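> Can you read through this structure? Questions will come right after.
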Amino acid sequence: MRGWWWAWSGCPGIGSSRMAALQAAAVEHGVGLDDCWTWSRERLALVLSWPDSLLDKVERYRQQQGASPQLKIPSNDLTPLDQIWPQGLNKLDRPPLVLHQQGRADVLAWLGQRRAVAVVGTRAASDHGLRMAEHLGSVLAGAGWPVVSGLAEGIDAAAHRGCLAAGGVPVAVLGTPLDRVYPRHHQALQEEVDRNGLLLREGKPGESVQPGHFAARNRLLVSLSCALVVVECPDRSGALISARLAAEQQCPVWVVPGDAGRWSSRGSNRLLQNAAAPLLSPQELVEHLGPGPCHQVNDTAPALVKALGAGASIEQLEQTLQLPAGRLASELLDLELAGQVVCESGFLWKPCRP
């Protein structure tokens with residue numbers, strides 16, 4: 001059914017709320033999204049009460065795609081129907097319909113559990129802000145925490161560089177397609193993040209870049225992380241949007257105090273007056289969070305490896321160990337990184353041979 005989700009998600013005018021309405025209508029009538037594809041314009045209007053302008057777009061789109069649309073989803077694209085889809089995204093007011101990902105797909109299991117730290121700030125950062133962001137990325141990586149940011153100029157890039165220098169796992173949420181680099185001189189940095197971590201971008205198939213995409217990614221950064229650090233930002237900054245969203249999601253916000261006389265620190269310093277915690281040293285954050293998920297093997301590892309036997313799927317392990325699929329997926333990925341298990345075709349997990 002994910003193929004039909006993919007088909008509908010490409011329709012102009014259908015966003016997350018309208019897709020949710022379509023899904024609800026399908027459930028109410030005991031059909032699937034494939035059946036909805038065959039509904040007449042009149043039936044769609046009756047069931048969904050969509051405006052005529054949208055119904056016209058849907059009709060043109062379905063005519064272009066035909067009765068049997070292309071249902072093969074590109075290998076680097078995810079839908080909410082995929083097992084490795086980060087479930088925290090579905091709690092957003094406007095959850096993404098599709099995620100484009102490139103790099104280490106195993107990192108998605110950690111992001112689904114919000115076991116990562118987001119670092120944000122201004123593009124026009126001071127030398128102090130850049131040093132703090134790079135040091136923060138390095139310390140978090142050393143403690144095993146994936147570092148999430150936007151790969152923008154300034155604070156974002158510094159945090160990613162620090163993470164990479166410490167051999168960590170960077171996660172970049174982009175406002176541009178994955179095959180486009182912005183700013184252009186980040187080509188080498190984006191390639192490094194791709195090799196060592198994960199690139200993510202929200203968007204529909206073939207969607208062009210819009211100014212609002214850079215602001216919209218802020219909500220994804222927060223929903224993938226267990227803590228947000230604002231290193232330095234002025235008033236009217238995207239980092240302040242991230243901080244507001246984090247507060248709404250009860251995600252702790254930390255702020256690196258900046259020069260009170262510098263314009264680029266006014267926004268972040270003001271957050272300190274609104275219950276954000278001051279971060280004087282990256283080590284304080286690590287002590288508060290504890291060890292991160294990277295390169296760790298859970299205490300249940302021996303029982304999990306034993307339960308694999310000659311090979312088992314996550315569904316089979318759920319029944320055997322009575323553990324949730326999300327936790328099993330994360331622990332299997334940790335074991336795979338440790339060289340103890342391997343995932344073969346058909347998503348069958350097996351112990352590695354000595």
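The values are calculated or read from the model by the stated rules, or taken from the named source; none is laboratory data. Quick caveat, the model's predicted, so the values are computed rather than measured. Methodologically, a virtual Cβ is constructed for each residue, glycine included, from the backbone with ideal geometry; neighbour enumeration extends over all protein chains shown. Surface areas here come from the heavy atoms of the whole protein model, side chains and all, with no ligands, DNA or RNA. Shrake-Rupley method; radii C 1.70, N 1.55, O 1.52, S 1.80 Å.
> Restricting to region 244-280, count the residues that are open to solvent by less than 50 Å² (accessible area, probe 1.4 Å), outside any loop (DSSP other than H, G, I, E, B) and out of contact with any strand residue (DSSP E or B) (no Cβ under 7 Å at 6 or more places or on another chain).
Residues that pass the stated criteria total 5.
> For region 281-296, name all the residues that are aliphatic (A, V, I, L, M) and either in contact with a helix residue (DSSP H, G or I) (Cβ under 7 Å, 6 or more places away or on another chain) or part of a loop (DSSP other than H, G, I, E, B) (or both).
Result: V286, single match.
> Suppose the filter is among the charged types (D, E, K, R), out of contact with any Asp or Glu (no Cβ under 6 Å at 6 or more places or on another chain), closer than 24 Å to V169 by Cβ and in contact (Cβ under 8 Å) with a residue 40 or more places away in the chain; does E202 pass it?
The answer is yes for E202.
> Something else now. When G326 is evaluated against the numbered criteria (1) at pLDDT below 85; (2) open to solvent by 60 Å² or more (accessible area, probe 1.4 Å); (3) within 22 Å of P86 (Cα to Cα); (4) not aromatic (F, W, Y), which criterion, by number, is the only one it fails?
(2)
> Could you give me the residue pairs with C-beta distances under 6 Å whose first residue belongs to region 21-42 and is surrounded by fewer than 15 Cβ atoms within 10 Å (Cβ to Cβ), whose second residue is part of a loop (DSSP other than H, G, I, E, B) wherever it lies, and which are 6+ apart or on separate chains?
Cβ pairs passing all conditions: G32/M1.
One line per residue, one yes/no per condition, for (1) open to solvent by less than 10 Å² (accessible area, probe 1.4 Å); (2) closer than 18 Å to A116 by Cβ; (3) in contact with a helix residue (DSSP H, G or I) (Cβ under 8 Å, 6 or more places away or on another chain):
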site: V139; (1), (2), (3): no, yes, yes
site: A158; (1), (2), (3): yes, yes, yes
site: P170; (1), (2), (3): yes, yes, yes
site: D179; (1), (2), (3): no, no, no
site: E191; (1), (2), (3): no, no, no
site: D194; (1), (2), (3): no, yes, no
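> Can you report the number of residues in region 2-20 which are touching a helix residue (DSSP H, G or I) at 6+ places or on another chain (Cβ under 6 Å) and surrounded by fewer than 16 Cβ atoms within 10 Å (Cβ to Cβ)?
So the count comes out to 2.
> A further question on this structure: Restricting attention to region 66-116, which residues are charged (D, E, K, R), in contact with a Phe, Trp or Tyr (Cβ under 8 Å, 6 or more places away or on another chain) and surrounded by fewer than 20 Cβ atoms within 10 Å (Cβ to Cβ)?
Within region 66-116, just D77 meets the criteria.
> Any idea how many residues of region 228-243 are open to solvent by 20 Å² or more (accessible area, probe 1.4 Å) and in contact with a Cys (Cβ under 8 Å, 6 or more places away or on another chain)?
Total meeting the criteria: 1.
> So, in region 121-140, how many residues would count as being free of Cβ contacts under 8 Å to residues at least 40 places away in the same chain and of a type in the set (A, V, I, L, M)?
Summing the residues that are free of Cβ contacts under 8 Å to residues at least 40 places away in the same chain and of a type in the set (A, V, I, L, M) in region 121-140 gives 1.
> For V231, which of the numbered conditions (1) of a type outside the set (D, E); (2) within 18 Å of the chain's Cα centre (by Cα); (3) modelled with pLDDT of 90 or more; (4) under 15 Å from S149 (Cβ atoms) fails to hold?
Just one mismatch for V231, condition (2).
> Given the criteria open to solvent by less than 10 Å² (accessible area, probe 1.4 Å), at positive phi and of a type in the set (G, A, S), does G144 qualify?
Yes: the conditions hold for G144.
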